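*Asks:* Structure in structure tokens, see below.
The values are calculated or read from the model by the stated rules, or taken from the named source; none is laboratory data. Not measured: the values here are computed from a predicted model. Positions of Cβ are backbone-derived with ideal geometry, glycine not excepted, and every protein chain shown enters the neighbour counts. Each accessible area value is taken on the protein alone, full model and side chains, heavy atoms only, with ligands, DNA and RNA left out. Shrake-Rupley method; radii C 1.70, N 1.55, O 1.52, S 1.80 Å.
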Amino acid sequence: MLLRIVPLYLAVSLLMWMLAVATGHAETVGFRIEVRACRGADCRLLPVSGRRWLGRFACEGHASTIEQFGEAPRGRTLSARCVAVDGMAGA
């Protein structure tokens, strides 16, 4: 009798653990800067380092510095903004 209960118990435990992991909710784990160079309605994303900022205010400060002092290619205007990076903090 015990040999029948133990595998069932292990299977149920594994299933409950998988459900707990699968239903985890995503949180904001940082912010990244997204820079666009625009001329009229034609906008292009510019490559930016993959650095993530932990605080939104630090990210916004760096984004405004990029807008003010960055060099735009061929007569375009720069716009920079902070985008939230979502993920599971415990993963």
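*Asks:* Return the residue satisfying two criteria in turn: it lies in the stretch 61-77 and is free of Cβ contacts under 8 Å to residues at least 24 places away in the same chain and surrounded by 10 or more Cβ atoms within 10 Å (Cβ to Cβ), and of such residues it is nearest to Asp42 (Cα to Cα).
*Replies:* It comes out as Glu67.
*Asks:* Which residue pairs have Cβ atoms under 8 Å apart, sit 6 or more places apart or on different chains, and have a first residue in the stretch 37-53 that is within 28 Å of Gly87 (Cα to Cα) and in contact (Cβ under 8 Å) with a residue 40 or more places away in the chain and a second that is of a type in the set (Phe, Trp, Tyr) and surrounded by 13 or more Cβ atoms within 10 Å (Cβ to Cβ)?
*Replies:* Pairs that qualify, where the first residue is within 28 Å of Gly87 (Cα to Cα) and in contact (Cβ under 8 Å) with a residue 40 or more places away in the chain and the partner is of a type in the set (Phe, Trp, Tyr) and surrounded by 13 or more Cβ atoms within 10 Å (Cβ to Cβ): there are none.
*Asks:* Let me ask you something else. State which residue is farthest from Ala26 (Cα to Cα) when the search covers only the stretch 43-60 and only residues that are in a strand (DSSP E or B) and open to solvent by 70 Å² or more (accessible area, probe 1.4 Å).
*Replies:* Residues of the stretch 43-60 in a strand (DSSP E or B): 43-46, 53.
Now drop any that are not open to solvent by 70 Å² or more (accessible area, probe 1.4 Å), which leaves 44-45.
Details: Arg44: 29, Leu45: 26 Å.
Applying the filter and picking the extreme gives Arg44.
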